[in-house]
Amino acid sequence: MTQEEYKIYIDDVLRRVESARLRVSDYHIVKIIAISKYSTSAEIEKLYAIGQRAFGENKVQDLKAKANELEELPLEWHFVGNLQKNKINNLLDINPTLFHSLDSIELAYELQKKLKAKEMTLDALMQINSAKEDSKHGFMPEVAVEAYEKIKKECPNINLKGVMSIGAHSQDKNIIKKSFETTFDIYKSLDGASICSMGMSGDFELAIECGSNMIRLGSIMFNK
Ligand SMILES: *Cc1c(COP(=O)(O)O)cnc(C)c1O
């Protein structure tokens, strides 16, 4: 695909995001994070040339490699994957814009310790396992609100900004919708939360209609 063809392709993706957000409200703004985990730095540069600035990865070592390779560009880096405790320092060295996947109290405590030692803070989202799937990380919906308040109180170096969830793994649109609604209900009940990160290439329109204001698009943004 030439750069011109790619731009036309991306315009179509943006139009789909735009129509979905307008179905919610004229005032509902949705931010796109381009998840570059299947893509090279050269492909990120092509998307940057079209105007995309926020990118995300799900492995700390990949985030580090791409952030280094592209350090000349004014990019925002998001981390969306499962964070192992022994990788916390590596992630903090990159100082990401937003950590989407805070998925346990133990991780929050460990993160707090490391942040305090480095005298830094980190913006983060609490990951919710809204469809209660064994294959997914995150807090169960029943305990999420209480855990959110606990982390806010006990981990002053973590700035919790809201929630993140991955839609239910199902072909049934109603089951996926229900998982997004569960996440959005939790988001709405949180004091001061401003980010509801849900929606991927296969389900972003539904996620937006359920209230998402941050979508994480991988394959569709890079035409994979
Ligand atoms: C890979 C990934 C995405 C993007 O997935 P696509 O289906 O390619 O859009 C979004 N969120 C997380 C947490 C991911 O790991």
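Find the accessible area per residue for the chain; the probe is 1.4 Å, ligands and nucleic acids are left out, and the unit is Å².
Per-residue accessible area for the chain comes out at 50 Å².
Given the rule -39500 (n - 2.57) for each run of at least 4 DSSP H residues, summed and divided by the residues of the chain, what is its mean residue ellipticity at 222 nm, to the nearest 500 deg cm²/dmol?
Values: 8 runs with 99 residues, N = 224.
Rounded to the nearest 500, the figure is -14000 deg cm²/dmol.
Could you please put V30, V24 in sequence from largest to smallest accessible area, using a 1.4 Å probe?
Details: V30 25, V24 65 Å².
Highest to lowest solvent-accessible surface, that is V24, V30.
Compute the distance from the alpha-carbon center of the range 1-63 to that of the range 67-134, in whole Å.
Answer, in whole Å: 21.
What ³J(HN,Hα) values, in whole Hz, does the Karplus curve 6.51 cos²θ - 1.76 cosθ + 1.60 give for the range 56-68 when θ = phi - 60°, with x put for Gly and Pro?
Values per residue, Gly and Pro as x: x, 9, 10, 10, 4, 5, 6, 4, 4, 4, 6, 4, 5 Hz.
Cα gyration tensor of the chain, axes a ≥ b ≥ c as square roots of the eigenvalues: rounded (a/c below 1.5), prolate (a/b > b/c) or oblate?
oblate
Search the structure for amide H atoms under 5 Å from the amide H of L160, placed 1.01 Å from N in the peptide plane, and list their residues when 5 or more places away or on another chain.
Amide H to amide H, under 5 Å and 5 or more residues apart or across chains, L160 pairs with A124.
With θ set to phi - 60° and the Karplus curve 6.51 cos²θ - 1.76 cosθ + 1.60, what are the ³J(HN,Hα) couplings of the range 207-213 in order, to the nearest whole Hz, using x for Gly and Pro?
My calculation for the range 207-213 gives 4, 4, 4, 8, x, 4, 10 Hz in order.
From the residues Y38, G162, Y6, which one has its Cα farthest along the dipole of the chain in the positive direction, the dipole being from +1 and -1 charges on Cβ of Lys/Arg and Asp/Glu about the Cα centre?
Towards the positive end, the residue furthest out is G162.
How would E149, E133, E106 line up by accessible area, probe 1.4 Å, largest first?
Numbers: E149 80, E133 35, E106 110 Å².
Per-residue accessible area, sorted high to low, gives E106, E149, E133.
How much of the accessible area of the chain, in percent, comes from carbon and sulfur atoms when a 1.4 Å probe is used? Write down the numbers at each step before the final one.
On the way: 5320 of 11130 Å².
Ligands and nucleic acids excluded, carbon and sulfur give 48 percent.
Suppose every Lys and Arg Cβ carries +1 and every Asp and Glu Cβ carries -1, with no other charges. What dipole size does the chain come out with about its Cα centre, to the nearest 20 debye?
Numbers: 30 positive and 33 negative charges, 61 e Å.
Magnitude of the dipole: close to 300 debye.
With r defined as the distance between the Cβ atoms of S194 and Q171 and R0 fixed at 35 Å, what FRET efficiency is calculated, to the nearest 0.05? All intermediate terms of the calculation are to be shown ahead of the outcome.
Values: r = 32 Å, r/R0 = 0.92.
Step by step, r from the Cβ atoms, then E = 0.60.
Using θ = phi - 60° and the Karplus form 6.51 cos²θ - 1.76 cosθ + 1.60, what ³J(HN,Hα) does each residue of the range 144-155 get, whole Hz, x for Gly and Pro?
Values per residue, Gly and Pro as x: 4, 5, 5, 5, 4, 5, 5, 5, 4, 6, 9, 10 Hz.
Order the following by accessible area, largest value first: Y48, Y38, Y109. Probe radius 1.4 Å; ligands, DNA and RNA are ignored.
Ranking Y48, Y38, Y109 by accessible area, largest first, yields Y38, Y109, Y48.
Name the trypsin sites (Lys or Arg not before Pro) in the range 98-148 that are in a loop by DSSP and that have at most 16 other C-beta atoms within 10 Å, would you?
On the way: sites: K113, K114, K116, K118, K132, K136; in loops: K118, K132, K136.
Passing both the DSSP loop test and the Cβ count: K118, K132.
What is the calculated FRET efficiency for E71 to N159, with r their C-beta to C-beta distance and R₀ = 30 Å, to the nearest 0.05?
On the way: r = 24 Å, r/R0 = 0.80.
It comes out at approximately 0.80.
Roll a 1.4 Å probe over the protein heavy atoms and report the accessible area of D185 in Å², nearest 10.
90 Å²
The values are calculated or read from the model by the stated rules, or taken from the named source; none is laboratory data. Everything quoted here is computed from the prediction, not taken from an experiment. Positions of Cβ are backbone-derived with ideal geometry, glycine not excepted, and every protein chain shown enters the neighbour counts. The area values use the complete protein model at the heavy-atom level, side chains included, leaving out ligands, DNA and RNA. Shrake-Rupley method; radii C 1.70, N 1.55, O 1.52, S 1.80 Å.
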